[in-house]
Structures are given as structure tokens and as C-alpha cells.
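The values are calculated or read from the model by the stated rules, or taken from the named source; none is laboratory data. A quick note: this is a predicted structure, and the numbers were derived from the prediction, not measured. Every residue, glycine among them, receives a Cβ derived from its backbone with ideal geometry; neighbour counts consider all protein chains shown. Note: areas computed on protein heavy atoms with side chains; ligands, DNA, RNA excluded. Shrake-Rupley method; radii C 1.70, N 1.55, O 1.52, S 1.80 Å.
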Amino acid sequence: MSRWDLFCRVVDNYGDIGVCWRLARQLASEHHLPVRLWVDDLASFARLCPAVDPLAPVQVVESVEVCRWTDPFPAVDPHAESAAVVIEAFACELPATYIAALARSTPRPVWINLEYLSAEEWVEGCHLGRSPQPDSGLVKTFFFPGFTTRTGGLLKERDLLERRARFNDRAEEAFRSRLGVPLRADGRITVSLFCYENPRLRHWLDVWRESATPIQVFVSPGWGQAEVGRWLGEPFLEGTCVQRGQVSLHALPFLPQSEYDPLLWSCDLNFVRGEDSFVRAQWAERPFVWQAYPQADAAHVVKLQAFLDRYLASDGAKEQPEALETLRVVWRDWNGLEPAPRPGATWGELVHSHRELAKRGKEWAARLDQAGDLANNLVRFVGEQGGLFPQPRQGG
Amino acid sequence: MSVKIAGDVQSGNVLLVDNEPLVVLKREYNKSGRNAAVVKLRAKNLLTGRISETVYKADDKLTGVVLDKKDCTYSYYAAPVHVFVDEEYNQYEINEETLSDIAPFLAPDMTDVCEVTFYEGKPLSVVLPKIIIREVEYTESVARGDTSGKITKSAILKHTKHDMQVSAFVEIGDKIEIDSVTGEFRARVK
């Protein structure tokens, strides 16, 4: 049976391992592939998936063989069967000894560079681009996630939309009780907040304090909680709940991946960042505000604009131009491009147009679904390269 | 051979890809994520003429090729090759398909010094001087009057029988200046 090796370096935050773990799990559980996930930071991984032992060099978690990626890389047994498919996530550099072993293997493996997500048009032209490697003689293929059928699509478990649809009031109540936060109350807006460093957060906290509508904000750990603490002038630690004017702020614990989707589903508006939470927010079918990963030369601004152009211009946009324009103003403000001229009024408009934006969220998710899910597209591509079709397990 | 960083590759550079020399025709540089970048190259295989596209991380190390170049003059055509000769009278045969762009201007009596590019001793391509002079074998006479050069007509070059547009005042037997890159008429030689 042909093994898939997936390599992940945790550079900063949890985006890298978040995406890799979802992909590894999906390949193993939905496509019944033997997957080996190499991770250089098991401690970060364990926060996303508590079943992971951060000290174990090798372990099996949810049918995925998880291996610690150490430096130097463990010696590669020349007689061992090499992987049929190798994925380097986010352009991480594979160990030289591993590449040398790949170059000796027959048949040659399918080598994928899984790239970053972007809505820019050039992505379609580079997706599945061939990349001959001079040193090894191997050929790598660039695989780009994306929002159109000419890209690799987005990660989405087979049952995600079904689970999302099943998340009713009772499920939400159970989730909130589990989380130890207040249950939903009529007339109150619930917001989840997950962000990188962002000087605009305190401006929005000021706005929310004075909001006409009561707001409940669930703040994820990290810079966001620290900044809320600075804004409050008092420690804002996990489990804390503080009321200031119209806003009640709740410091959440670090949620494992399995609990992050219900959080998004139970909120009226989600502030998300980077790649993994950004994608999950889109599948959540709820209005959201994205903070792009800040890059040198303002490269993130181009990416933000490219996504906004797609999101706001797709089918149905004509029906909600004012609501979508309000969303654009908030996104641009949140990413530090242009402060909202009247933030209080803008927030009021956003709350007012919530239903229209939720409709937009549903339409957008349906549109994304047409591009197919990334794991499925990847398996199909590999199959086309040499008959490496997935083999079902016995009885599976 | 030399190491070339993908992000620094420019149009015109020659790279060794899959053990074959490719000249880069177009390069696209795009920022991907976390301050990384992706480079897409459109290149022509100098041995086969085939066009291909490849994608690299901007910090990938590629193999650059420094090609040998030599001044030669055109000697003759013996289907399917054109033969060039260097100062030491060494002869080099180049397939006519490779030279299809300049073939209309390869005349047996030409004295132009051409630049022949070699890869591992094999001649790959020929560049003519930017401006070349050729003789008009036939063109229709037109009524006198226009000397501006804005009105054009068809003319057949001597030897190659290449049909091109020239100014209306050009006559049979005239020598004309041609831009060898664009293939366009520039002026009549006085």
C-alpha cells in the first residue's frame, strides 16, 4: 500500500499544523491512505489535538502516524519502502537525506509542494505547475489551494456541511455550557475574536462598549486576550468575563480543532486570521472579518483585496450592495488599510445587515463547494500521475 | 554551469532543466505567503524549440548555463540545414526549423557577421546583425509622388524570394536596410 508522507514545519502560530493535521486526517479517514505526518513542533500540535503526546517520537493518532521531525533528520533506511507521495506543506524544505532517498526510489514518488492560500488570479496559472529539481532530478508539483475550479480548492471534510446543518439551538446550548460561557440571549450579538497583533482592536472595543446593541465577545488566547487585558487595565485570563458598557468579554481557553467549528457556528460574526480559521469561517456560512497574515511590502493588502473582490462580487452581490460595502469598510479598517470614517455608525450598519450578510455567507459556501475539496482534488491528481489510486482498507 | 536563484532569473537567461538548455522567455514573480514568493518561467528548449512552463520557489537554486558564442558568416543551404563558417573555416550545420525566423534573410552572397550560440559544442541559434542590407529583386513600379515612405508595397528579395513590405519609392535593384529583429523595412541605401 502506497504511503503518503506529509511534512510540516511550525513557523509561527498554529496555521501550518492546523492545515496539515486536517489534511492528514482527511487523507487517512476519508481516503483510507496510510499517512505519515512529520511535525517539528509536537507541543504546538498537542494544543490543537490533545490526543498528541508532545514527547513521543512516533505515535498513531486518528489513524495517522505522527513522527517528530528532528534536526538532523533520522537516517533513511535504504531498504525501506519509500513514500509514494510526498507533500511539503507551505514550501517547507525537506531534509536533504530524505530527498536523496527519494531520488533513489523506484517508481519515483509524486512530490507536492502545498502552497499558501490566495485569491489572486496568478494562482490559477501556477496551480499544478511543474518544478524540475536540478539537484535530485525529481519533479515537484505546485499545488495551490484556492477559490475556483482551476485551483486545488479548500480543505473540507466530507461531513462538514452536514455537521454544520445539524448544529441546532440545542447543540449550541450544549456547546456553550461546555465552554462555560452564557447561553444565547435575544437581541445580543455574539462575536468570536481570533487575531494577530492588531492596533485596531482597541478602537473596536471602544465602539462595542458604546454600541446600541449588547455584544458578547469570545476572545481566543494569544495577542487578542493580552490586548483586551491592556484595554481593560486588568488581567484578562482564561475563564475571565468582564462587562464594559454594552460589551461583555469572555477569555476562552485554547480550543482544539474539533471545538473551533462549533464556536464559529454559534457566533453571529467571526473575526478570523491567516489561513485555517479563515477557511473554517467560510464553511461556517456566517459573516466574518479576516485579518490577512501581515507581510513585507504590504503583499497581504493585495491578497486581502483579491479575496474581497471575489467575495463581494460573486452571485447575489447585487442584492446586498450596502451590506457588502459595510463589510468592506470593516475589513479594510481591521487590516489597517483605511480607518472606518464613522466606526460607530459602521458597526450599527453591520449589525443591521446581519441577515443579508449571513445569506451572502451561505451563497459563498455553496459556491466554494463547487471547486471540490482540497484533499479529494489532491488524491485525484496523484491518481492521474501513475495509477496511485487509494486502496480501501479491508472492510473499510 | 552556475547556480542561479529562481527569484533572480530574468528573461533571456539560459537554464539547464531536465538536462536540456532552456532560454527564459517570460518570468512572473508573485508573493505567496509569509513573505515567500513563487516564480513562474515560460521558456523555450534550445534543442527542440518546445515551449514549456515551470514553477519554482523564489529561493530555489537552479542551474544556469553560460553558452558559447562565436562570430560566423553564412555559407550555404543544403536541405535541411543552413551552414555557417567561422574565421578558422570550421563549418556548423543548423537545422532550418531552428532558423525559421531569420531564414528569409539568409542569402548566399551575404557578408554579415552573425553570432552563433553553442551548447556543448552544438550550434543552437544564430543572431543576425540588427540592421542588414538586402537587394530587391522585384517590385511593382508605382506612380511618382510619394517620398514620405508612409505608403508601402510588396517587394521580393533577391535569392530568398522573401516577400516583404517596403516604401513605395523602392525600385528593382535597390538595396534596402532591414531590421532583422522585426523583419521590417527601414530605409533605402543610397
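Brief remarks on what is shown
- Tensor-based shape of segment A:249-324 (alpha-carbon gyration tensor, a/c under 1.5 rounded, otherwise prolate or oblate): oblate
- Only Lys, Arg (+1) and Asp, Glu (-1) charged, at Cβ; the protein assembly as shown dipole about Cα centre in debye: 1380
- Residues losing 30 Å² or more accessible surface upon assembly, segment A:128-148, compared with the chain by itself, 1.4 Å: A:Arg130, A:Pro132, A:Pro134, A:Phe142
- On a per residue basis, chain A carries 42 Å² of accessible surface, using protein heavy atoms and a 1.4 Å probe.
- Helix A:15-31 and the longest principal axis of the Cα set of chain A meet at an angle near 60°.
- Rg ratio for segment A:91-246: its Cα radius of gyration over 2.2 N^0.38 Å, N being its residue count, equals 1.56.
- Using θ = phi - 60° and Karplus 6.51 cos²θ - 1.76 cosθ + 1.60, couplings along segment A:250-261 (whole Hz; Gly, Pro as x): 10, 8, 7, x, 5, 8, x, 3, 5, 9, 6, 4
- Residues with amide H under 5 Å from that of A:Gln246, placed H, sequence gap 5 or more: A:Glu210, A:Ser211
- Those residues of segment B:48-68 for which accessible area with every protein chain present is at least 40 Å² below the isolated value (1.4 Å probe): B:Val55, B:Tyr56, B:Lys57
- Rounded to the nearest 10 degrees, the angle from helix A:223-232 to the longest Cα principal axis of chain A is 20 degrees.
- Where GluC sites (Glu not before Pro) in DSSP loops with at most 16 other Cβ within 10 Å are excluded, longest remaining stretch of chain A: A:239-396
- Within the accessible area of chain B (1.4 Å probe), percent carbon and sulfur: 47
- Between amide H atoms placed 1.01 Å from N, distances below 5 Å from A:Ile87 occur with A:Asp5, A:Leu6, A:Phe7, A:Ile112, all of them 5 or more places distant or on a separate chain.
- Distance from segment A:144-176 to segment B:149-176 (C-alpha centre basis), Å: 69
- Eligible aspartates and glutamates near A:Lys303 by straight Cα distance, threshold 17 Å, same-chain separation 8 or greater: A:Glu115, A:Glu120, A:Glu121, A:Glu124, A:Glu275, A:Asp276, A:Asp333, A:Glu338, B:Glu28
- Debye-sum result for the protein assembly as shown in log10 I(q)/I(0), which assumes one identical scatterer on each alpha carbon, at q = 0.07, 0.11 Å⁻¹: -0.59, -1.02
- Relative intensity, log₁₀ I(q)/I(0), of chain B from a Debye sum that treats every alpha carbon as a point, q = 0.11 Å⁻¹: -0.64
- Diffusion of segment B:68-127 by Stokes-Einstein, at 10 °C in a medium of 1.306 mPa s and with Rh set to the Kirkwood radius over alpha-carbon pairs, works out to 140 µm²/s.
- In Å, descending, principal axis extents of the Cα set of segment A:179-264: 34, 31, 19
- Per residue, segment B:54-190 exposes an accessible area of 57 Å² to a 1.4 Å probe, with every protein chain left in place.
- Interface area, A with B, accessible, probe 1.4 Å, both sides summed, Å² nearest 100: 2100
- Of A:Leu304, A:Leu263, A:Val52, farthest towards positive along the dipole that unit charges on Lys, Arg, Asp, Glu beta carbons give chain A: A:Leu263
- Area projected by the alpha carbon convex hull of segment A:160-369, averaged over all directions, nm²: 11.0
- The accessible area of B:Met1, taken with all protein chains in place and a 1.4 Å probe, comes to roughly 140 Å².
- To put it simply, the accessible area of chain A at a 1.4 Å probe is 51 percent carbon and sulfur.
- Cysteines without a disulfide-compatible partner [chain A; Cβ-Cβ under 4.7 Å]: A:Cys49, A:Cys67, A:Cys92, A:Cys126, A:Cys195, A:Cys241, A:Cys267
- Principal-axis tilt of helix A:321-334 within chain A, Cα atoms, nearest 10 degrees: 70
- Values of log10 I(q)/I(0) for segment B:2-64 across q = 0.13 Å⁻¹ run -0.30, by the Debye formula with one identical scatterer at each alpha carbon and no solvent.
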